[in-house]
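**Student:** Just dropping this structure here.
No value in this document is a laboratory result; all are computed from the given coordinates. Since the structure is predicted, the reported quantities are computational estimates derived from the model, not experimental observations. With ideal geometry, Cβ positions are generated from the backbone for all residues, glycine too; neighbour counts draw on all protein chains shown.
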Amino acid sequence: MSRFYFDFIQGRSRMRDDVGHDFSDAGEAERHAHQVAYELVRNVMPFNTIDSHVVVLDQEGQELMRVALCDVSETGSLLQRKLRLVH
């Protein structure tokens, strides 16, 4: 298991994750970052996603990836429409 950190960036502001989460690999951490971004869009900031990202960092503080909230909001909306068709 490795520890990954999930910072939130909006414009020039950065909220650091000082706790992190353990995952077996970077793929699991990426899936978690997408889920965090989707939940932020859905519950916290549905209208202001421009220049907002969830940033995944490894144990050494190296940035591994960024998930743009504006991309997740579009994907999330599409996913919701598909789920409605199934139910």
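**Student:** Chymotrypsin sites (Phe, Trp or Tyr not before Pro) within the range 1-59: which are DSSP loop residues with at most 11 other Cβ atoms inside 10 Å?
**Tutor:** Sparse-neighbourhood loop chymotrypsin sites (Phe, Trp or Tyr not before Pro): PHE47.
**Student:** For q values of 0.13, 0.18 Å⁻¹, compute log₁₀ I(q)/I(0) with the Debye formula on a Cα-only model of the range 13-68, without solvent.
**Tutor:** Log10 of I(q)/I(0), two decimals: -0.33, -0.62.
**Student:** If amide H atoms are built 1.01 Å from N in the plane of the peptide, which residues on other chains or at least 5 residues away come under 5 Å of the amide H of GLY20?
**Tutor:** Long-range HN contacts for GLY20: PHE6.
**Student:** If you don't mind, another one. Ordered by packing density, taken as the mean number of other Cβ atoms within 10 Å over each peptide's residues, highest first, how do 59-67, 11-19 rank?
**Tutor:** With the highest mean Cβ count within 10 Å placed first, the list reads 59-67, 11-19.
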